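Data first, discussion second: the structure below is written as C-alpha cells.
Values in this text are rule-based calculations from the coordinates and carry no lab data. All figures in this text were calculated on a predicted structure; none of them were measured in a lab. Heads up, the Cβs are rebuilt from the backbone with ideal geometry, glycines too, and the neighbour counts pull from every protein chain shown.
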Amino acid sequence: MTEAQTKVRKRPLGQDHAGVQAGLPGEIDLAAAAVVAFSSEDPSCPVEHMLDGTYGPGASRWLSGRPDMTEQLLFDFDAPQKISRLVYEVEETERQRTQEIRVEVSTDGGASFRQILVQEYTFSPGGATFQHEDLRFEIEGATHLRLTIVPHKNGAGTATLTSLRVCA
C-alpha cells in the first residue's frame, strides 16, 4: 500500500444515498428565520421534512395531503432577507408525471409578488426520478418567498419537495 492510499478518507454510501450535508455559504436557517405557511401536508411527510437537513435521493420530504391539487408554501420572513441562491430537490419514484414549480418573491410585506422562476420536471419511474436545482438570484429585502407547486401538468400526482435551501 502506498502512502497516498493510506491518507484516503472514505466511507460506504448507504443504500438510499440520502445524507446530511454541511450548510451552504450564507445559508438562511428557514426554520428560524421565517414562519412557513402551507396549503396542505401529509402528516407522515410534513413541511419540517423539507427543512431537516437531509438531501439527495431517498431523503425525507414534504408531501401534499391532497393528490392532484396545486399547493403553496409561503415563507414569511421575520426580517427582510437578501436572496442570492435557491437550491431545491424533488423526487418522484412512483408515477410518471410532470410537476411545475413557480417561485415568487415579495419585498413589500406580501402585498405583491414578482415571479422569479417557473420550471417543469417530468418524472418517470423507469427513468428520471430526481431533480436537483441550484439557482442564482439578486434579490434585496425579500419579506416573503412563495412556491406554487402544480403536481399534475401531465399525469396524476401529489405535490412534493424533498429539500429547500435559501442563501443570502
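Over all directions, how big on average is the projection of the convex hull of the alpha-carbon atoms in the stretch 44-164, in square nanometres?
7.3
Which ³J(HN,Hα) values in Hz, rounded to whole numbers, follow from the phi angles of the stretch 63-76 under the Karplus curve 6.51 cos²θ - 1.76 cosθ + 1.60, where θ = phi - 60° and Gly and Pro get x?
For the stretch 63-76, the Karplus-derived couplings read 9, 4, x, 10, x, 6, 10, 5, 10, 10, 10, 10, 9, 9 Hz, x marking Gly and Pro.
In percent, how large is the relative contact order of the stretch 57-168, given Cα pairs closer than 8 Å and 6 or more residues apart?
Relative contact order of the stretch 57-168: 47 percent.
What's the extension gain from Ser39 to Thr129 if we count 0.36 nm per residue and subtract their Cα-Cα distance?
Result for the pair: 30.0 nm of gain on full extension.
Give a quick list of GluC sites (Glu not before Pro) in the stretch 117-155 that DSSP marks as loop, anything other than H, G, I, E or B, with at most 14 other Cβ atoms within 10 Å.
none
Along the stretch 95-102, what does the Karplus equation 6.51 cos²θ - 1.76 cosθ + 1.60 (θ = phi - 60°) give for ³J(HN,Hα), rounded to whole Hz, x for Gly and Pro?
9, 7, 6, 10, 10, 10, 10, 10
Please rank Val35, Val166, Val90, fewest neighbouring Cβ atoms within 10 Å first, as an exposure proxy.
Least to most surrounded, the residues fall as Val35, Val90, Val166.
7 Å from Cα along Cα→Cβ at both Glu48 and Ala156: what's the point-to-point distance in nm?
In this crude spin-label approximation the distance works out to 3.1 nm.
At 7 Å along Cα-to-Cβ for each site, give me the label-to-label distance between Leu24 and Asp76 in nm.
Modelled inter-label distance: 2.5 nm.
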